[in-house]
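The block underneath contains the structure these notes are about, expressed in structure tokens.
The values are calculated or read from the model by the stated rules, or taken from the named source; none is laboratory data. Since the structure is predicted, the reported quantities are computational estimates derived from the model, not experimental observations. We place every Cβ from the backbone using ideal geometry, glycine too, and count neighbours over all the protein chains shown.
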Amino acid sequence: MIYPSIDKLLNVVSSKYELVHIAARRSKEITLTNHLQMPANKYVSKKNIGRALEEIAEGYIKIKYNE
């Protein structure tokens, strides 16, 4: 995986396991609804999992932590 970098993603999400979980859920959501957070021409990736990771890196996906 070249873009977005894992270092940038781990600044947003606390662990790799959580990152996988969030990206998989968002990817399935994109597949079911065809709704994208950014304009389609701004995505580097063509696949939904890559698009989900790009949305996380750009801050379109907000992660709430229960305390």
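Across the range 32-48, which residue is surrounded by the most Cβ atoms within 10 Å (Cβ to Cβ) among those that are polar (S, T, N, Q) and either under 13 Å from the mean Cα position of the chain (by Cα) or modelled with pLDDT under 95 (or both)?
ASN48
Specify the residue that is surrounded by the fewest Cβ atoms within 10 Å (Cβ to Cβ); the eligible residues are those in the range 15-31 that are small (Gly, Ala, Ser) and touching a residue at least 12 places away in the same chain (Cβ under 8 Å).
Restricting to residues being small (Gly, Ala, Ser) and touching a residue at least 12 places away in the same chain (Cβ under 8 Å), the top hit is ALA24.
Can you pull out the residues in the range 18-39 that are assigned to a helix (DSSP H, G or I) and among the hydrophobic types (A, V, I, L, M, F, W, C)?
Passing the criteria: LEU19, VAL20, ILE22, ALA23, ALA24, ILE30, LEU32.
Does any residue of the range 10-17 turn out to be assigned to a helix (DSSP H, G or I), farther than 16 Å from GLY59 by Cβ and basic (Lys, Arg)?
Yes, some residue in the range 10-17 is assigned to a helix (DSSP H, G or I), farther than 16 Å from GLY59 by Cβ and basic (Lys, Arg).
Looking only at the range 53-64, which residues are free of Cβ contacts under 8 Å to residues at least 24 places away in the same chain and over 20 Å from ILE2 (Cα atoms)?
Within the range 53-64, LYS62, LYS64 meet the criteria.
Go through the range 40-67 and give me each residue that's of a type in the set (Asp, Glu) and part of a loop (DSSP other than H, G, I, E, B).
If the condition is that a residue be of a type in the set (Asp, Glu) and part of a loop (DSSP other than H, G, I, E, B), then GLU67 is the only one that fits.
Condition (residue is under 23 Å from ASN66 (Cβ atoms), charged (D, E, K, R) and without any contact (Cβ under 8 Å) to a residue 40 or more places away in the chain) applied to the range 33-52: is it met by at least one residue?
no
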